[in-house]
Amino acid sequence: MANTPLRETVEEGLWPLVDHFLETQDAVGTAVAVVRDDEVVARGFGARDLRSGEPVTPETMFHLASVSKPFVATALVSLALGKPIGSAGGPVLDLDAPIVDRVPELTLADGRASEITARRLLSHTSGLPDVAAYGWHDPQLGDDALADFAASLSDWRLAADPGSAYSYSNAGYELLGLVLSRVMGTTFEDAVRRLVLAPLGMGQSTFLRSDVPTNDAAAPHVGLPQTVPGDRYPYTRRHAPSSTLHSNLVELSRWVTAHFATGDPAGRLDPELVAVMRQPVVEVSEPPWDGAASLGWPLGNYRGYPTMSHSGADPGFGSRVVLLPDQRTGIVVLANSNTVPASYIARAAIDLVLEDDPEGEGCLDLRNLRRPVAGPVADTLATEGPEAAAAAYRRLISADPIEVDLEDDGFEDAVWGAIELYRTDLVWPLLRLWTELQPESSSAWTMTGWAHQVDGDPDQARHLLERALALDPDNSDAALIMSGLPPA
């Protein structure tokens, strides 16, 4: 472990890399914290809302997307072990019991609902498919939202035998949230507040968007050029357990240190609880962060350091939290757009803080990031029109040396958030241009087909998704969207 003071390492080594990233990429705002032992170095970059220009600070509240899941898992596993934070008592939840004991409204078309257990849902080995449409445009705000979601799965079938394989499922975490609610006899959001957030001193953190102070909230930004999508926001209580935790660097740093084995026990998770949640359940084999899945955490290894980490991506937001409990170190990266490579920032932080290596792979990757070609093309499209944008694209791809990233991931990042929010109007010009410029891109036809599906044209959506799958038969996004279309 590096002996350089943490603040000096971060301020002199990491912050310039993040500044460089913001200067060269199509990002709006980012918040980064590095934790070692109980010391925290945190800073905001850019704007929390382009409309006002107000800066991101360590207190800015971000939507965390799937980083919500470890909090839900911690609450459930603590109840199963009989180790709720700050209180005593025996186990009140059996992770291996069928969840239909707690959620009788859950039925499946194949009659296999009784094979689903909390343990399998926590590790994404239940066999349950993923959600195809989140309905952010039509948020469900009542206390019965999760029960309604469970009942809505009656025409679903398991995609794999429970316990046989890893298959990420947001739907599984919605069911876990309902189990938690039933065990605690309160709403899901209140249950997590009582079991995890309040005991760890995370009083501002909340799964309820209505509790987020407007003057501290980061706005989502989608499309290119980046745009706040009006009143659309990735929030509905139907998907709260998988996605809707809001928090900031100050309180997430407390969450990180809660996993360390030393310090005041009042602010820590029980060591047995942490140990159980560090045990691998199923292999995933997606290094460096996702080597295996545990009960709520992807487990990985970077530079020989075992990690617990989770990423999150919902329209207009991105996040990653990385814990290295053995080194009593953690990294938090939050963003209010879909275009921030949070993983790069986390790897660079580990290079610097634990290895004192400014030439490490993570630092080099962050330093050498090129702007995706979608950015300058979209800028030209917005100011000069499609012909000029196409000409700009041709110039960029023929330049020597190439100064932009030519992969079409930048186009996908630019459009998917707006489509998922049902704001296709923000990205139709870019979608049309993308398919013209890259007609062999399976991703381009997938996103365009999805936009047609959102706009109520299932026949055209099906035609374009079939084209996407013909170009890439392994395109899981196209297959998932296709599964949500009505029969031809």
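See the values below:
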quantity: Rounded to whole Å, sorted largest first: equivalent-ellipsoid semi-axes of the chain, Cα gyration tensor; calculated: 34, 30, 20
quantity: Taking Ser52, Ser398, Ser442 and counting other C-beta atoms within 10 Å, the order from fewest to most; calculated: Ser398, Ser52, Ser442
quantity: 5 Å binning of all Cα-Cα separations within the range 243-304, expressed as whole percents from 0 upward; calculated: 4, 16, 18, 21, 23, 15, 3, 0
quantity: Summed residue charge, Cβ within 14 Å of Ala118's Cβ, Lys/Arg positive, Asp/Glu negative; calculated: 0
quantity: Centre separation in Å (Cα based) which lies between the range 95-121 and the range 431-450; calculated: 39
quantity: Value of [θ]222 nm, deg cm²/dmol, for the chain, DSSP H segments ≥ 4, -39500 (n - 2.57) each, nearest 500; calculated: -10500 deg cm²/dmol
quantity: Which of Phe62, Phe188 has the fewest Cβ neighbours within 10 Å, and the rest in rising order; calculated: Phe188, Phe62
quantity: Listed residues His221, His259, Ala109: farthest to the positive end of the dipole of the range 65-352 (Cβ charges); calculated: His259
quantity: q = 0.07, 0.08 Å⁻¹, the range 65-352: log10 I(q)/I(0) [Debye, one scatterer per Cα]; calculated: -0.24, -0.31
quantity: Residue exposure sequence - Thr4, Thr74 - by fewest surrounding Cβ within 10 Å; calculated: Thr4, Thr74
quantity: Relative contact order (percent, whole number), the range 374-483, Cα cutoff 8 Å, 6+ residue spacing; calculated: 19
quantity: Around Ala391: net Lys/Arg minus Asp/Glu count, Cβ-Cβ under 15 Å; calculated: -2
quantity: Given 11 as the ceiling on other Cβ atoms within 10 Å, longest exposed-site-free region of the chain for GluC sites (Glu not before Pro) in DSSP loops; calculated: 1-358
quantity: Rg/Rh (Cα only; Kirkwood hydrodynamic radius) as it applies to the range 76-222; calculated: 0.98
quantity: Antiparallel content of DSSP bridges confined to the chain, in %, to 5; calculated: 95
quantity: Relative contact order, percent, the chain [alpha-carbon distance under 8 Å, six or more residues apart]; calculated: 18
quantity: log10 of Debye I(q)/I(0), alpha-carbon scatterers only, for the range 67-122 at 0.14, 0.16, 0.22, 0.27 Å⁻¹; calculated: -0.44, -0.55, -0.87, -1.06
quantity: Rel. contact order, % - alpha carbon contacts under 8 angstrom, at least six apart, the range 14-133; calculated: 12
quantity: Unit charges on C-beta of K, R, D, E only; dipole of the range 330-398, Debye; calculated: 380
quantity: Radius of gyration and Dmax over the Cα atoms of the range 193-272, both given in Å; calculated: 15.5, 48
quantity: Separation of alpha-carbon centers, the range 360-395 and the range 260-287, rounded to whole Å; calculated: 41
quantity: Sites Val92 and Ser52, calculated FRET efficiency, Cβ-Cβ separation with R0 41 Å, nearest 0.05; calculated: 0.35
quantity: Net charge of Cβ neighbours under 12 Å - reference Thr107; Lys, Arg +1; Asp, Glu -1; calculated: -1
quantity: Bins of 5 Å, starting at 0 and running to the largest distance - Cα pair percent for the range 374-483; calculated: 2, 13, 23, 24, 18, 12, 7, 2, 0
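No lab work stands behind these numbers, since they all come straight from the coordinates. No experiment lies behind these values; they were computed from the predicted model shown. So basically every Cβ, Gly included, is an ideal-geometry build from the backbone, and we count neighbours across all protein chains shown.
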